[in-house]
1. Please enumerate the residues belonging to region 119-157 that are of a type in the set (Gly, Ala, Ser), touching a residue at least 12 places away in the same chain (Cβ under 8 Å) and either open to solvent by 80 Å² or more (accessible area, probe 1.4 Å) or on the phi > 0 side of the Ramachandran plot (or both).
2. So which residues in region 96-118 are open to solvent by less than 30 Å² (accessible area, probe 1.4 Å) and out of contact with any helix residue (DSSP H, G or I) (no Cβ under 7 Å at 6 or more places or on another chain)?
3. Can you list residue pairs whose Cβ atoms sit under 8 Å apart, with the first residue in region 71-84 being free of Cβ contacts under 8 Å to residues at least 24 places away in the same chain and the second being among the basic types (Lys, Arg)? Count only pairs 6 or more apart in sequence or on different chains.
Amino acid sequence: MMMQRLAIGLLLGIALEASGQVIPRPEVPEKIKAPAGEELVLVAHASGSQIYVCQAGADGKMAWTLKAPDAELRNDQGAVMGRHYAGPAWKLNDGSEVTGKAAARVDSPDAGSIPWLLVTVIGHTGEGALSRVSDIQRIHTKGGVPPVADMCNAAKQGSESKSSYTADYYFYAPAR
């Protein structure tokens, strides 16, 4: 049932985007809603890895820490439109790029997945679809969680582990 709703929502979004109408905002918890006065300008589907490194935390205990994402961004037709990588940064094939900082998070409804986020854009490069973007939501996450904690110990210090994930990124800009 949920997949049917998602498919209907995506098809509706594609139809509205193609007709030049406003793309509807996704249903998300209040904590990660994009600010009022912003419009949804782009949706990208990510597939790739969350890269973790085994290292000592502030408390001296060994733990897996996020190093960076590494994912392809695709449009609704499945064509690669850009990349998501360390920064965190999102760069599209049109040359536009943004970097961001997490502003809010909520647990994913899928218990084995990384949290949903609201990211505030803190830097822009290039002209293109991302040049006006001010906030980004990461939702519909699947996977991406760090390895089991007891697999990170002094013998593994500095080692990396990749965890496959998918997510949808919703890009917002001030309304025109």
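1. Of region 119-157, the ones of a type in the set (Gly, Ala, Ser) are 123, 126, 128-129, 131, 134, 143-144, 149, 154-155.
Going one step further and asking which of them are touching a residue at least 12 places away in the same chain (Cβ under 8 Å), we end up with 123, 126, 128-129, 131, 134, 143-144, 149, 154.
Selection gives Gly126, Gly128, Gly143, Gly144.
2. Once the filter is applied, which keeps residues that are open to solvent by less than 30 Å² (accessible area, probe 1.4 Å) and out of contact with any helix residue (DSSP H, G or I) (no Cβ under 7 Å at 6 or more places or on another chain), region 96-118 yields Ser96, Val98, Gly100, Ser108, Ser113, Ile114, Pro115.
3. Val80/Arg74; Arg83/Lys91
The values are calculated or read from the model by the stated rules, or taken from the named source; none is laboratory data. Since the model is a prediction, treat every value here as computed from it, not as a measurement. All Cβ positions, even for glycine, are placed from backbone atoms using ideal geometry, and neighbour counts span all protein chains on display. Each accessible area value is taken on the protein alone, full model and side chains, heavy atoms only, with ligands, DNA and RNA left out. Shrake-Rupley method; radii C 1.70, N 1.55, O 1.52, S 1.80 Å.
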